[in-house]
Structures are given as C-alpha cells and as structure tokens.
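Student: First the structure, then my questions, so here it is.
What follows draws every value from the coordinates through simple rules; no lab data is involved. Quantities reported herein were computed from a predicted structural model and do not represent experimental measurements. Glycine also receives a Cβ, built like all others from the backbone with ideal geometry; neighbour counts cover every protein chain displayed.
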Protein chains: 4
Amino acid sequence: MSHQDNRFEIAHLARAELLTPVPEKTEWFFTELLGMYVTKREGQSVYLRSYEDPYQWSLKITEAPSAGLGHLGVRTTSAAALDRRADALKADSVNLSWGENEFGYGKTLHFQTPDGHGVSAFWEVEKYVAPPALQSKILTRPSRKPLKGVPVKRLDHINLMASDITPVRRSFERHLGYRTTESVLNGNVEVGAWMTTNLLGHEIATMRDSTGARGRLHHLAFFYGSLQHNTDAAEMFREYDIEIEVGPDIHGITQGAFLYVMEPGGNRIELFGNTGILHLDPDADTKVWDFNDFDVGLAIGGAKLPPTYFTYGTGGTLSAEAQADLSRLASV
Amino acid sequence: MSHQDNRFEIAHLARAELLTPVPEKTEWFFTELLGMYVTKREGQSVYLRSYEDPYQWSLKITEAPSAGLGHLGVRTTSAAALDRRADALKADSVNLSWGENEFGYGKTLHFQTPDGHGVSAFWEVEKYVAPPALQSKILTRPSRKPLKGVPVKRLDHINLMASDITPVRRSFERHLGYRTTESVLNGNVEVGAWMTTNLLGHEIATMRDSTGARGRLHHLAFFYGSLQHNTDAAEMFREYDIEIEVGPDIHGITQGAFLYVMEPGGNRIELFGNTGILHLDPDADTKVWDFNDFDVGLAIGGAKLPPTYFTYGTGGTLSAEAQADLSRLASV
Amino acid sequence: MSHQDNRFEIAHLARAELLTPVPEKTEWFFTELLGMYVTKREGQSVYLRSYEDPYQWSLKITEAPSAGLGHLGVRTTSAAALDRRADALKADSVNLSWGENEFGYGKTLHFQTPDGHGVSAFWEVEKYVAPPALQSKILTRPSRKPLKGVPVKRLDHINLMASDITPVRRSFERHLGYRTTESVLNGNVEVGAWMTTNLLGHEIATMRDSTGARGRLHHLAFFYGSLQHNTDAAEMFREYDIEIEVGPDIHGITQGAFLYVMEPGGNRIELFGNTGILHLDPDADTKVWDFNDFDVGLAIGGAKLPPTYFTYGTGGTLSAEAQADLSRLASV
Amino acid sequence: MSHQDNRFEIAHLARAELLTPVPEKTEWFFTELLGMYVTKREGQSVYLRSYEDPYQWSLKITEAPSAGLGHLGVRTTSAAALDRRADALKADSVNLSWGENEFGYGKTLHFQTPDGHGVSAFWEVEKYVAPPALQSKILTRPSRKPLKGVPVKRLDHINLMASDITPVRRSFERHLGYRTTESVLNGNVEVGAWMTTNLLGHEIATMRDSTGARGRLHHLAFFYGSLQHNTDAAEMFREYDIEIEVGPDIHGITQGAFLYVMEPGGNRIELFGNTGILHLDPDADTKVWDFNDFDVGLAIGGAKLPPTYFTYGTGGTLSAEAQADLSRLASV
C-alpha cells in the first residue's frame, strides 16, 4: 500500500488514558481547574470529556502505582480503514489484539509503538448526547461550556518520549498513515517528529528520551484556542500550587501556544492556546529544524525550556543505565 | 462512486479572483491595510498572497466594470483525484474545460456551480519560496509577517450567494466530495449550507440570495486567528473609511469570529478571528438550524446582522424580477 | 473654593446598591456567572465584592418592588476632604444627611443628584482581608480569583440617566470635584457627560433620559480588563438566557470595551473589557462629540446601539408625560 | 509639608531621553517596529511620540558614546505644584536648576536622584495637535494609530537601577509626593520599590543594582494594553533580530504584563501588555514582598528572569569594584 493510499485512514486522536497514583487529586485537577465533565466511574477508573469532545470520553484516569500513559486512541475514517490498519500492522509482524471493552467505544485494535506505548484504534464510537441541562445553543458544541475553572475545549494532541524515535515515527507513518510535518535533527539523529493525519500541526509527536528510557509519556495536551485562556490558566495554576514547568509562550515548531504543567499525579499536561499552523497544503515538505539552531523552534518569545523538558517523562520502563542517569540528574 | 469514496479528494480552498472597478484602491486595501504581498502584475490583474499562504497567490484582483467573483480555486489531494473530479462532473453532464493559464498553477479544470459561479480545481501548484529578505525563522511560515497594517495570515473561505442553494450544495457534495457541516432551513427551503473537505467548519458556504439573483459572491474571508486582530482591524477600517457592515462578533454557526467590511471595489470581505469549530469527528451529522430560531446562529454576542447581509452581493446576474426587488429594497 | 482646588477630593467609586424584585436570581447572576463573593447577608440585602475590590463590598443587592439604583458611593481622599465636600454641598443648599449604617463603611454623607439619584460619600472604610483559603499569592489582590463563571475584577463605573444632565454634571463638578473628560451635544443640549476624578475615562457618567424620567439608572459596570473575557461572558450569557442588549464592541467615547446585558432583576449591567483611555494629561480639554456625527463615538466596530439603549433605565420616577411616552414607544 | 499634602503634585511621567551609540538603528526600532511618530529632529537628537502620547514628544533619542538614560521628565498637576516641588527639594538641599530648553516643554526644573539619574519636572507643555492626515476619529486619541509594526500607545513607566534604592525612593516620596505601592526586601535591604502618584501600579520604579553601579537605567516601558500585542511584538522582535531578554509573561508585582527586549543601542525596553493593578484605594498599605519568596512576584507564568535582569543596566557610573564584578560575571 503506497504512502499516498493511507493518508486518510485515521481521522483524529480521540482519547488517552492517564495513570496516576493520586486519582482523586488528578480528577480534581481535570474537573475543578480544567472544567472537564465526568461521564462514568468504573472500577479504578473515571472517564471524562471536555465540553467539545465528541464522544463519551477523551480522558480516562486510572489509579496505578505510578504516573504514566495507559494508552492513546485514534479513530479511523471508516470501518474498512480500521481493518486495513490491522492488515498493515500484521504485514510488518506487529503484535496486535482486538477488544471491545471500553465504555463508549466499540471494536478496538490494540498494539504498541516500537518503544512500547499503548495504542488503540477504532471506528465504532458512541457519540456524546448531552442531557437537557447541559445542552448548548451552539449546535456544533456537544455540551455547554461549564462554569468552573478555565475549561478546556477538547483533547488536542499527545507527545511520546522514545528511546529511539525513528521506528516510532516510521510506524505511525507506515501503519497509520501519519505524515511528519516537522522534525528536529541533532546531527544525524532524529530527536523529534511532529505527525498528523489532518490539518493540525500534530496530533502525535515523539521526542527522543535523553535518559534512554522506553515508552514514556512526555505530555498530553488539551485545547483552549485563545492565548488569554493560557494566561488565565497559568494564574490559576499558580494560585492552586500546580507546578508550571514553562510557558505560556509559543513554539516556533508547530506555532503552538504552549503552557506545560504537572498534574497532581505527575503527568505533564499541556494547555494549547491556539491551533498552531494548520497544514492545508497536502504535499508540503517536512520542515527540518537543526537542534543546534533551535531557539525559535523552542519558543518565539523569551521562554527558556528547562532541562526537565528534555528528561522528565512518566510511565514506561527505565533501563539500569537510565535509572543511573536520572539519579545523577537528581543529585545536581 | 460512493460519498465515502470522494471524501478526501479536495485538500483545500487555494485561491480566489475578485473583480473590481477600482483596482488601485482594492490593491491598497489588501496590501496597506491587510498586509498582503504582491507577487505578480500582469495585464489587468495583480496577484497577492498572505504571509502564510503556501502558493504563489491566493488572491487575484482583476479590473472589471463591476465588482464580483472571477472564480474560486480548490486544490485536489492528488493528480488522480483531479481526474476523478472531472469524471464525476462529466458523469453528471456538467460543462467543463481544461486550461493551464494562471501564474503559479498548472493544469486546471474549469466549470461552474449550478448557479453560475466559476470554479477551478488543480493539483499542480508552484510553492511560494521567499527571497532571503522575506524569509521567516519559523519554518512552517512561507514568509515573514509584514510590518504593515493588520496582516492576514491566509485565505480562509468563501461564501457564495445562490438563487437556489440546493443544487449548489449537491454539486459540491457529489462532484467534489464536500460534506455539509451545518445548514439552515426556512421551512422546507434550504437557505444556507456550510461545507468542508477538511477540519475547518467550512471552506465553501452558500446562502440563498433573497433577491433571486444568480451567481453572486457573498464574501471572501481571510484568517487572523486572534480575536484581538479582528478588533484591531475594525479600528483600522473605521479610521480609513472602510465600511464595516457588522462585527466583530462570533457566529453560532461555525463558531467563527467574524468582521464583515466592504473593500473599496464593493466586494464584501470577512476577517476571520478564530478557526471556529474544527470538525474532527469524521461522521458527525449535519447540524440543522431553523431560520426562525437562528439568533445564536447569527451571533453569539449582541451583533444584529443588517438586512444587507441577506441581500447584498457582488457580480452574478440579476433577473428582471431581482432588479425590481432591489429597486424596491433601495427605496425603503 | 476653586475648581483647581477640589480636583483631588474623591478617590474613586467604591460601591453601589442595586434594587431588584428577584433578589435570588440577581444574586445568582452576580455570584455564579460573574464570580462575585458574598461577604454578608442582612435583612433584605446581600453584600458582594469582586476579587479585586478593596473593601467589604462594592455591590449591595436589596429586594424591592422594582429594579433600580439604591445609591452609589464614592470614597474621598481624606477625612478632611469629606468634610469639605459637605461644606460645598451646604454652600449650594443641597440637602444632606450623615449616617453610619452600612456594613463595612464608617461615617457617611448622603445626598441626591439634582435628578434624584442617591449619592453617598465616605472616608472610613473597612479593608477586606481574605481568610487563608481565599488569599492570593499576588499581594495586590485582596482575594483569589474564583473558579466560577467569568469572574469580574472590580466595580468600574456607573451611568445615570437624567431628565436634564447639565445640573447633574455641574453638581459632580462643583461639589465633588469631578472633571468632564468627554461630552455629547445635540445642538445646544447636553445629552451625555463622562466624568472622573482619577485616570479612568469615567467613573460616573450621565446621559439624557429621552423619556423625561428622573433619577433612573442606566447601567452599573464591572471590570474585566480583557477583550477575551467580554467575549467569554457574552457566550456565557447566551447559554444562560441573560439578555444581551449590545456588544461586545468598543465605544469611541471613553475607548471602553463594552458588553451590556440585563441582570435578572432588570438592571442593565456593563462588562468592561479594557480600561479605555487613561487620562494622564491633567489639563486636557473636554472632548465634545456631536450627537449627529456620533457613529464612532457609539461603537468603533459595527455594533448598532438599539433604541432601548437611549430609553431603558431602571428605578427613578416617571412623570405622567414620560409614562405616556413609554407607552407610545412600547406600542411601536 | 505632610505626606498627605503632596500626594497630588505630580500628574504623570511625561517623557524620557535615551542615549544611544547607534541613533539610526534606535530610531528604526522605535519607528518601524514600535510605530512611533517623529515630531522633530534637532542636533544629535530626534523627538518621538506614540499615537496616544498627549504632548510633542515622550521619547528623545540622543546620540552618545554609550547607551543610558538622558533624563526622565514628570508633569506636575499645576504651576504652583512645580514651585512647591522646587521648594521641597531646596529644603533638603538638593541641587537644582531651571531651564526652558526642550522642544515642546516650558519652564523646567532639573535635579538628580540621590543615585545620579537626571530628573526634570514641568507644568508647561505644548499639547500635540495632529495635522489632518494624522487625526483620529476617536476624540481622546491625539493621532491615528499608525499602520507600521506593532504600535505602542504611550509611554508607561521607567525603572531606575540604584546602588542604594532607599534614598532614591525617599526622594521621590518626600520631594515629589510619590507613594510606594509595592516593595521587595532582602532581609533588611530594600531591593525594589514601585512608586506612583496616580492609579497606575507604578510610573517610577527603582531596583537595587547588584553591581554597585550608580545611576543606571533598568528599563523604559511603553504601553500596549493587550496581551496579544505583547505576543505580536515578541514574534516581530524574533524575526528582526531584536534580543528578547524575557517575556511575555505577567509579574505578580504590579500585575504587569511584561516583555523585555534590548533596543539596538543597548537600552532595555519593556512592552507593557496591560495596565497591571490600578490603585484605586487611596490609603492602601505598601505591599512588601520577600526577595527569598518572590517567584510569583517575578512571574505568574513560568518565565524565569535571567541573571542579566538583575545586573544589566545602561548609563550611569561604575565603580572599580563594579567593573570587576561585571568582568567576573562576563567570564562565567
């Protein structure tokens, strides 16, 4: 199957599961500060959606010994596309399984990135229909904007740290039809790739994990679409003792307005204050940044990304070497 | 060919041609106030692009006895898609022709909407490459944001008035693969349809022309992506005697932040201050508004759309009846 | 006492009392939508403050048969200034009285504008000190920004309708030391005056009541300071069935970013999205607008102020003639 | 004369003179990027004003061997106030002189802060009156917003580095009637003071010069009043190779939205994206920050102020010790 043929197989990033050792606090963060709605509680998990997320949930919070990514989930553009994605994975001998065990979603394909991140793909979804009290007068809005905190609109994108990003990127390209809009090279080593199947600058990104760990989460991002809301959120985070890592500012890469914070469970969450560049040109070249001349790429304004931005992630598995590296970093 | 099959044939709205009886003034409007770059002058035309438009031009201004739309142009997602679109049009006996006569664009298919608006479709384009002095440090930006006026980023969408919008909508759906994200019904009569082939709430819209005229332009829209810039632009327009018809405000339909003004040639131009809703859900229903309960649809804030919004257009052809209608309206 | 001498006697507008026939609904509006804090309940009244208001309350809501202004209150710059203001009023034979009967405020001078609006002036105030749970890390912020609705920062200004604005303006100038930054003339008739004792474009305005009624309230305004928040608020008001009269837009007069809505009790409330022009020049001329060339004065953008803006007010007393006028207007 | 009595003697910061070794480049920065108007050229100086500055100029650029502050100038609230300020200075044996030698300003009092910064005070000014082509339809706006760059509205405030800030603060308080809204203490040492005579959080600030130098300029600030414009300006500065030191972000102290850059001559310029807190309460306490718990004071968002923020200034005089300190810093 040619690259051309698989460009339109994935519609969008639909959901993600976060693991947290402090589920009540993590839920408080997403509901009271970010204004997300709870749609279900089940076992050790709670399901949430932002006011413009289209399905039953975009975020699942699951209690676990430590923070990390449970899985990310993408929706295909058709039932047939889902089958074709399974075929493409099988053709490359990627382990996969099928399930139908998540609230609000039907038949689901499960597999892992070459670095070990959990990925789900599905076509069947249950559209969210608001009860009368939550209905919006704006017909394209599945539910009314809540009156709590600084409410996010929808899930935006996810960034995966990887011990080696090249095979991760290639899997998303070959198996799911992503195209890489921008990348960063440090000499010959790929250290970052931003990938999309639609207009967004990226829905999935992967960055080199300088600790050598595998399968970690860099961040999960939710969308505001207004710079003012990133500023409002920063002030709220400060007042409520949520650690701000960096931002608000705007990356040159993706032109995305960022604000990175740590939710109480330890996962890095990004608030996205604009759409960034929209990729309308269907055959635009991948824009390649040089890691050694990357200032504007990191931030158009004066923000300096701290070392943690390149070393801190959650979940995954650390090699003995990585453990030692982290210990060294912690002792500095 | 099923609806499913043609969903991914058109990438985006790439260009439009505006006719104007005062080309110098129209050019001043787009260059000095909206910060567009001139890339070529030829005959009675001047070609322009915004600082993030990807090709040689997104706007062609052509001198003509009166204002109106020359044509709109969409880019396909592949060369084969272009051929398939020609086949689909031929299958429905739509008159079409091929040409290759526009600066910066290759082989082009020409036809008309059922209401008479000129449409071009093409795959071959010449990507814009900035000279060193205009290069941006932001790699996804084809040229530096200019230091003039309140600069627009890119062409956003077009709205076509039609004597009967149903066949116009159906042609975009059947022949080009557009899906209708939102529509407005007045009883059983379709009075508006918003159509897209990508995430944008619409790239092409059509609204019923209450004067009965055929083939007129309602407006052409350029993108800011920031509400503040719509406000900045409104102030600029006031100071420079550009007529503001309505806005800034936000439509409930499309959730688009609007500001409508008349460029010196008489064409209605919209400045678009956000992306509006992005349609990530690939099989969302068309949201249908009732024209008689449409307040929030027209504006979320307090803006009242004036009668001209529903009657004023440029170009096209007026029936004798429409001429009489317009005279009656003018005498009110 | 010369005009020069009394320029610095009033510090700012500190509070206002609104009458409402539906106090629970009015309280809901100010607490759940505008995020104000309740600081006391007493008898038929509830006292509220915004998160940056410096004293115990800036808004008192009192149950009454119909909507209207209870009184407005200004703080002097010293105890002596308060005595001098009493002397200035007495010198012009204005009826006045002293009291000390309001929660959080000390010795208070009461009188009326020539049109019958209640005015209080005072020096002694009780500064608001937040309990630990409401303290902000920002030292100039008396309390933390709440997590509810779209929270206003502070009381901004008040606008009084008057049957004849000239004596009202003169009283504020002569007795309290206000200067008139901008005014509107319709022929020789003053139809609006914007007055301040500090940098703000106005803290007190008065507009001609075209119904001939006396002592009515036009609107009370609260401050956001961000255009985005006026837009956020407009969307919230739409969703919660709060009538938007006009806005968001920006007046040319005062350069103030406005949004006018009717709180459930019927009083017009303005949300103020910027500071407007700050009057740093201490001897600037009064800027005089011509009512017949006032488009930019009313709105820089495309907003059209509806007839109600010039005829609707709350409270006060209607003459028989005004009653008849209103009936005629209602029947149009 | 009591503190009470001199509170209303100074109206506002009206002008400043910057020294620059590259006057053409400095002028380009202020005219092409910040949209200021040139009102006069004379000798080695050029006079500029922002579009809402009320007088003939707010900024004078003068060629000099190195960057620095020429002087700052404040306008009194009356002619008598100017004489009283001279008396207050004389009573403390401060050297002063009178002159009348600046374009657009009359009789002027000259003196120095205890750290050696030049200060002018005056009452007589020539109000700017725009030629027809530059007149605004907004009557409180002395001239039309220009169509160049990201135009600043007006001069906002100035920050003076001082070897010892206590006497500097006391001079502004005693001699000119400033009140200190906020200060920073490092143990018992005052390291920062923010002072005003009006509602603004500060018009004059002074920060401890950790190099021990005397009379240096920290920064001069111009006002946008919109966070978006600080963001727009940051992008512009990046594209045009203007060094961004830090920002955009918002200080907790003053609640001011900051962006610090170095103009081509080397002086630090701040763009101020909001008014910050307005001090309406006339007898508010000075808010005292602890330098060792000052994170929110420095930035509400994630910005980290770099070491240069505390050590880099222009002009003034360096002690031998300070010279050595600077050399050590440079070699780190």
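Student: Between the DSSP loop rule and a limit of at most 12 other Cβ atoms within 10 Å, which chymotrypsin sites (Phe, Trp or Tyr not before Pro) in region C:210-298 are left?
Tutor: For chymotrypsin sites (Phe, Trp or Tyr not before Pro) across region C:210-298 that sit outside H, G, I, E and B with at most 12 neighbouring Cβ atoms in 10 Å, the list is empty.
Student: If you average the alpha carbon positions of region A:38-67 and of region A:71-138, how far apart do those two centres end up, in angstrom?
Tutor: Value for the Cα centre distance between the two parts: 15 Å.
Student: Report the chymotrypsin sites (Phe, Trp or Tyr not before Pro) located in region C:28-109 that are in a DSSP loop and have at most 15 other Cβ atoms inside 10 Å of their Cβ, or state none.
Tutor: Passing sites in region C:28-109 are C:F103.
Student: Still on this structure: List, shortest first and in nm to one decimal, how far the label point of C:V22 (7 Å from Cα along Cα→Cβ) is from its counterparts in the other copies.
Tutor: Computed spacing set for this position: 4.2, 4.9, 6.4 nm.
Student: Let me check against my output: what whole-number percent is the relative contact order of region C:56-132, with C-alpha pairs under 8 Å and at least 6 apart?
Tutor: For region C:56-132, the relative contact order is 34 percent.
Student: What is the Cα centroid distance between region B:274-302 and region A:233-254, reported in whole angstrom?
Tutor: Their Cα centres are 31 Å away from one another.
Student: Between region C:214-230 and region D:160-225, what is the C-alpha centre distance in whole Å?
Tutor: Between the Cα centre of region C:214-230 and that of region D:160-225, the gap is 34 Å.
Student: Among the residues of chain A, which one places its Cβ closest to the rotation axis that maps chain A onto chain C, and what is that distance in whole Å?
Tutor: That would be A:Q228, 2, residue then distance in Å.
Student: Full-extension gain between A:T308 and A:S66, please, as 0.36 nm times their residue separation minus the C-alpha to C-alpha distance.
Tutor: The A:T308-A:S66 span can extend by a further 85.3 nm.
Student: Mind grabbing the base-10 log of I(q)/I(0) for the protein assembly as shown at q = 0.04 Å⁻¹? Debye formula, identical points on the C-alpha positions, no solvent, two decimal places.
Tutor: -0.24
Student: Right, next: At B:F103, with labels set 7 Å past Cα in the Cβ direction, how many nm apart are the copies from this one, shortest first?
Tutor: List, nearest first: 4.1, 5.9, 7.1 nm.
Student: Say a label goes 7 Å from Cα toward Cβ at D:D83 in every copy; what distances in nm does this one have to the rest, shortest first?
Tutor: With the label placed 7 Å along Cα→Cβ, D:D83 yields 2.7, 9.4, 9.8 nm.
Student: On to the next question. Using just the Cα positions, wrap region C:225-293 in a convex hull and report its mean projected area in square nanometres, one decimal place.
Tutor: If you wrap the Cα atoms of region C:225-293 in a convex hull and average its projections, you get 6.0 nm².
Student: Still on this structure: Output the pairs from A:K145/B:K304; A:K148/A:K304; D:K107/D:K137; A:K90/B:K90; B:K40/D:K25; D:K25/D:K137 with a Cα-Cα distance over 29 Å in this structure; if there are none, say none.
Tutor: Check vs 29 Å cut-off fails for A:K148/A:K304; D:K107/D:K137; A:K90/B:K90; B:K40/D:K25; D:K25/D:K137.
Student: Over region B:8-330, what is the relative contact order in whole percent, taking alpha-carbon pairs under 8 Å and six or more residues apart?
Tutor: 18 percent.
Student: Separate question: Just from its helices, what would the mean residue ellipticity at 222 nm be for chain A, if runs of 4 or more DSSP H residues each count -39500 (n - 2.57) and the sum is divided by every residue, rounded to the nearest 500 deg cm²/dmol?
Tutor: Only helices count here, giving -5500 deg cm²/dmol.
Student: Now, a different point. Computed from the mean reciprocal separation of all distinct C-alpha pairs, what Kirkwood hydrodynamic radius does chain B have, in Å?
Tutor: 20.1 Å
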